[in-house]
Amino acid sequence: MKAVQVTGYGDVEMLETVDIPIPDPKENEVLVKVKACAINNTEIWMREGAYGKDSKSGWKPEGVQFPRTPGSDITGTIVNVGDKVEESMVGKDVVLFPFTSSGEEGTEHISADMSFIGSEYDGGYAEYVVWPADLCYDMPLPSYSESAVFSVSGLTAWHMVNQIQIQPGETVMVTGANGGVGSLNIQIASKVFGAKVIAIVGDLSGEERIKELGANHVLSYKSDNLSEEILKVNGGPIDSVLDVVGDALFSTSLHVLKNGGKFCISGSAGGQKTNLDFRTLYLKHITMYGSVLGTREEFKDMLQAIAEGKIKPVIEKTFPLDKAREAQTYFKEKGKLGKILLLPEEQ
């Protein structure tokens, strides 16, 4: 089969298209013919070494072992099953829950042995992938491409919103609002949980599209008076912040939060380190949350909301599998709205 492998740390030249054998499913696994795989920051940062290198590069202590096939947002059709899997699963169109874990229900995402597909396991930049049968769920939409955009970004966004317990009518600021997680944060916060959303982007040319996702206001981080603009459109301090940017908007976030406000972060594309005056936290009684991925129950809740039409897929562009280098390069460009997909050339 055709697959794209990361051969080591570095730029996109470390992605190589290869021909390797189709994997055999173990007794509790299924073989999935990949129909679509969306791109996430995670596989790019892993390749670039942003999570660390060698023994610190992955989710487990031993780090990422190269070569590795990346890709965690996967849909496809089950074409073979292991000895302990019901044959009736053959032919099912599925979306893959993106990690394994021995954690108890509700704590799967914080278990010490959490292992990610595309990092600890070979992932979806390939024509076929094997995965545990009990981590394969029915696709929420008829389209492989549209169903593939939610797994990691959607689960992360759902857990962020769920974790800060947004209430109907509260105001939440969403940073990186045109990205994969950010665009889903808007939809989930507004259309599932009933919050008012202030979306922060760079380029305001896509304002109408972002408002269609559920944002009440769209502001640019390039503004010289962003804090004042946020306070003005909301008529005062806001309840919560859902952040994927990090340092670049951190001081603004703390400034506009109300006393007792909540700040939840799941990314640091705008800077991984920041200066923090602890007095701001305790004098304003701010609660801070770190967040990544989520639970299986949240994944099922998210799939149900997608099936009911409450959350819409947002796709920017698709690439054939052997154009993975171009796809990852395009992914890093600014000004996009939605997900980038890799599609095997032969469906």
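The values are calculated or read from the model by the stated rules, or taken from the named source; none is laboratory data. Since the model is a prediction, treat every value here as computed from it, not as a measurement. In this analysis, Cβ positions are derived from the backbone assuming ideal geometry, glycine residues included, and neighbour counts consider all displayed protein chains. Surface areas here come from the heavy atoms of the whole protein model, side chains and all, with no ligands, DNA or RNA. Shrake-Rupley method; radii C 1.70, N 1.55, O 1.52, S 1.80 Å.
What's the carbon and sulfur percent of the chain's accessible surface, probe 1.4 angstrom, rounded to a whole number? Summing carbon and sulfur atoms, their accessible area is 47 percent of the total for the chain. Let me check against my output: what whole-number percent is the relative contact order of the stretch 1-119, with C-alpha pairs under 8 Å and at least 6 apart? Once divided by the residue count of the stretch 1-119, the mean separation gives 26 percent.
The translational diffusion coefficient of the chain, from Stokes-Einstein at 25 °C and 0.890 mPa s with a Kirkwood hydrodynamic radius over alpha carbon pairs, comes to 120 µm²/s. Put simply, the amide H of residue 315, placed in the peptide plane, has neighbours under 5 Å in 339, leaving out anything fewer than 5 places away on its chain. Scanning residues 5 or more positions from residue 80 or on other chains, those with amide H under 5 Å from its amide H are 31, with H placed 1.01 Å from N in the peptide plane. Would you please classify the overall shape of the stretch 188-233 from the alpha carbon gyration tensor, given that a ≥ b ≥ c denote the square roots of the eigenvalues, rounded means a/c under 1.5, and beyond that prolate means a/b larger than b/c while oblate covers the rest? It comes out oblate by the Cα gyration axes.
Taking amide H as placed 1.01 Å from N in the peptide plane, the amide H of residue 26 sits under 5 Å from none that are at least 5 places away or on another chain. Other residues with beta-carbon under 10 Å from the beta-carbon of residue 67 carry, at +1 per Lys or Arg and -1 per Asp or Glu, a net charge of -1.
Each Lys or Arg adds one and each Asp or Glu takes one away; over the other residues whose Cβ falls under 13 Å from the Cβ of residue 215, this sums to +1. Based on protein heavy atoms only, the stretch 106-181 ends up with 30 Å² per residue of surface accessible to a 1.4 Å probe.
With a ≥ b ≥ c the root eigenvalues of the C-alpha gyration tensor of the stretch 247-292, is it rounded (a/c under 1.5), prolate (a/b larger than b/c) or oblate? Judged from the Cα gyration tensor, the stretch 247-292 comes out prolate (a/c at least 1.5, a/b above b/c).
Based on Cα atoms of the stretch 301-346, Rg over Rh with Rh as the Kirkwood radius reads 1.09.
How high is the relative contact order of the chain, in percent, with contacts defined as C-alpha pairs under 8 Å that are six or more residues apart? Averaging sequence separation for qualifying contacts and normalising by length gives 18 percent for the chain.
Against the longest principal axis of the chain, how steep is helix 151-163, in degrees 0 to 90 to the nearest 10, with axes from Cα atoms? For 151-163 against the chain, the angle is about 40 degrees. Computed from phi, the 3J(HN,Hα) profile of the stretch 80-97 under the Karplus parametrisation 6.51, -1.76, 1.60 (θ = phi - 60°) reads 7, 9, x, 4, 9, 10, 4, 4, 5, 6, 4, x, 6, 8, 9, 10, 9, 5 Hz, with x in place of Gly and Pro.
Sequence-ordered 3J(HN,Hα) estimates for the stretch 211-225 from the Karplus curve with 6.51, -1.76 and 1.60 and θ = phi - 60° stand at 5, 5, 6, x, 6, 7, 9, 10, 10, 9, 5, 7, 4, 6, 10 Hz, glycine and proline given as x. When the square roots of the Cα gyration tensor eigenvalues are ordered a ≥ b ≥ c, the ratio a/c for the stretch 269-334 is 1.5 or more and a/b does not exceed b/c, which makes its shape oblate. Taking max minus min of the alpha-carbon positions on each principal axis, the stretch 120-257 gives extents of 51, 29, 28 Å, largest first.
Regarding the stretch 202-289, what's the average projected area of the Cα-atom convex hull, expressed in nm²? One quarter of the hull surface, i.e. the mean projection, equals 6.0 nm². The trypsin sites (Lys or Arg not before Pro) found in the stretch 182-235 that occupy coil by DSSP, while having at most 15 further C-beta atoms within 10 Å, are 222. Using a Gaussian network model of the chain in which every pair of alpha carbons under 10 angstrom is joined by a spring, one finds that among 141, 283, 155 the greatest mean-square fluctuation is at 283.
Restricting the calculation to alpha carbons of the stretch 53-185 gives Rg and Dmax of 16.5, 51 angstrom. Entry note, the stretch 207-308: relative contact order of 21 percent, from Cα contacts under 8 Å with a spacing of 6+ residues.
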